[in-house]
1. Calculate for the chain the 222 nm mean residue ellipticity that helices alone would give, adding -39,500 (n - 2.57) per DSSP H run of length 4 or more and normalising by residue count, nearest 500 deg cm²/dmol.
2. Using Cα pairs under 8 angstrom and six or more residues apart, how large is the relative contact order of the chain, in percent?
3. For the residue pair residue 30 and residue 191, what label-to-label distance in nm results when each label sits 7 Å from Cα along the Cα-to-beta-carbon direction?
4. Please give the length that would be gained between residue 131 and residue 87 if that part of the chain were fully extended, namely 0.36 nm times their separation in residues minus their C-alpha to C-alpha distance (nm, one decimal).
5. I need the shape label for segment 75-126. Rule: rounded when a/c is under 1.5, else prolate if a/b > b/c, else oblate, with a, b, c from the alpha carbon gyration tensor.
6. At R0 = 22 Å, how high is the FRET efficiency between residue 178 and residue 59 if r is their beta carbon distance? Nearest 0.05 is fine.
7. What is the fewest-to-most order of 154, 89 by other Cβ atoms lying within 10 Å of their Cβ?
8. Rounded, prolate or oblate: which one fits segment 33-123, using the alpha carbon gyration tensor with axes a ≥ b ≥ c (rounded when a/c is under 1.5, else prolate when a/b beats b/c, else oblate)?
Ligand SMILES: Cc1cc2nc3c(=O)[nH]c(=O)nc-3n(C[C@H](O)[C@H](O)[C@H](O)COP(=O)(O)O)c2cc1C
């Protein structure tokens, strides 16, 4: 399996080919806002919370993530955005497999485990993060959380490097779903879904 890498930013004012689409040459006439203003606004958007996992030589890796969406339904493809500083990032590049496990509203502790802070009591890395939760293996080997809202086993088909992150496009080779309610994240807090 070979993932296709689309390399870095186009020079301002130049067109860039991504797949079959063409970015207009004059698309960069305005400067981007600063990262702090962007994050401040984006914090207002509630997001489902997942743990993205992968495995290499029997060692499991995972991180909590919200930058995940459907890319296309045909073919079934998920887009995840992962900071290149995250331990799982080069492993996904190397192995070409990952799984996306969307957490239930009762699994916020697992979300915290997979995004350790220096201030936290438990700063666990890689495989040690999997001590909590009922983890099993997807057919391709990536860790899958039993009891998650839904889970997607993915094969990497394309990598787009943008700024600090890699956008990974993964074709879905297996999916599971339950009727559990999903965990949300908004304004730096984990939250539950309310119904009207
Ligand atoms: C709610 C939440 C959402 C996050 N979403 C992402 C994300 O989408 N992509 C990402 O690269 N990091 C995201 N992070 C940060 C990673 O979980 C964190 O940097 C993690 O520690 C990286 O893994 P590492 O410690 O193995 O390097 C998020 C953190 C939180 C708390």
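1. Numbers: 3 runs with 22 residues, N = 196.
The helix contribution divided over the chain gives -3000 deg cm²/dmol.
2. Details: 392 pairs, mean separation 52.4, N = 196.
Taking the mean separation of contacting Cα pairs over the length of the chain, I get 27 percent.
3. Result: 2.6 nm between the two label points.
4. Details: separation 44, 0.36 × 44 = 15.84 nm, distance 1.76 nm.
Gain on extension, residue 131 to residue 87, equals 14.1 nm.
5. Values: a/c = 2.72, a/b = 1.36, b/c = 2.00.
It is oblate, given that a/c is not under 1.5 and a/b is not larger than b/c.
6. Working: r = 28 Å, r/R0 = 1.27.
It comes out at approximately 0.20.
7. Working: 154 28, 89 20.
Going from least to most buried by this count: 89, 154.
8. On the way: a/c = 1.44, a/b = 1.09, b/c = 1.32.
Verdict is rounded for segment 33-123.
Bear in mind that the values in this text are calculations on the coordinates, not laboratory data. Since the model is a prediction, treat every value here as computed from it, not as a measurement. Quick reminder, even Gly has a Cβ in these numbers, built from the backbone with ideal geometry, and neighbours come from all protein chains shown.
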